[in-house]
């Protein structure tokens, strides 16, 4: 058995354990394998092990992999920063977009999505760590953006995504994820239908699962250190 598959199996087991520790059904947590900067051959290995959802950050790299792997039934998620000039291709080559953080991007994705495709599944990115280097809306802006997206016929708002400030402390990790959960709960209380919390990565997904994560985005813990990439 190859090492990538072994690591993937170990992550799946860790997700199951974290969910059980939190008193949750492990089937409520989806593993999104973040394959940016890793070759299509690595994706193919993990797909054959049973992983069918993959996340990519760089558009041109992702499009090349999609072409090479078109024989596989893969659900592609775009999880990188969204640039206006790339919304046309992102809207039509992915099933999910994590990280919509402004109205202009949502409007462009909605306008670009083909009528022949089902609605694009989207998450709003919130910035709970208030880091200037990170995208995302604050709690007040989230409701306004969610309401706007709900009026767009080619987008389906699913929930929230966040990338908290890195910390090795489990309690601090969980405290940050708790802030995301509070915003999520508030939006639901305001009548916004949500079912997705895309929080947690390789270093902190157990804390995210404890706070209700439904998607955890894991890359290096499955694929190993990243290789060079073309950030396009």
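Quick note: the coordinates plus some simple rules give every number you see, no bench work behind them. What you see is a predicted model, and the numbers here were worked out from it, not measured in a lab. Every residue, glycine as well, gets a Cβ built from its backbone with ideal geometry; the counts of neighbours run over all protein chains shown.
Details
- Among 4, 209, sorting on how many other beta-carbon atoms sit within 10 Å of each Cβ, with the fewest leading, yields 4, 209.
- Site pair residue 111 and residue 88 shows an inter-label distance of 1.2 nm when each label is modelled 7 Å from Cα along Cα→Cβ.
- Rounded to the nearest 0.05, the FRET efficiency derived from the C-beta distance between residue 202 and residue 25 at R0 = 25 Å is 0.65.
- Full extension of the segment from residue 48 to residue 175, taken as 0.36 nm per residue of separation minus the current Cα-Cα distance, would add 42.1 nm.
- An oblate overall shape is assigned to segment 72-116, the ratio a/c of its alpha-carbon gyration tensor axes (a ≥ b ≥ c) being 1.5 or greater and a/b not exceeding b/c.
- Distance between segment 25-39 and segment 84-100 - C-alpha centres, whole angstrom: 19 Å
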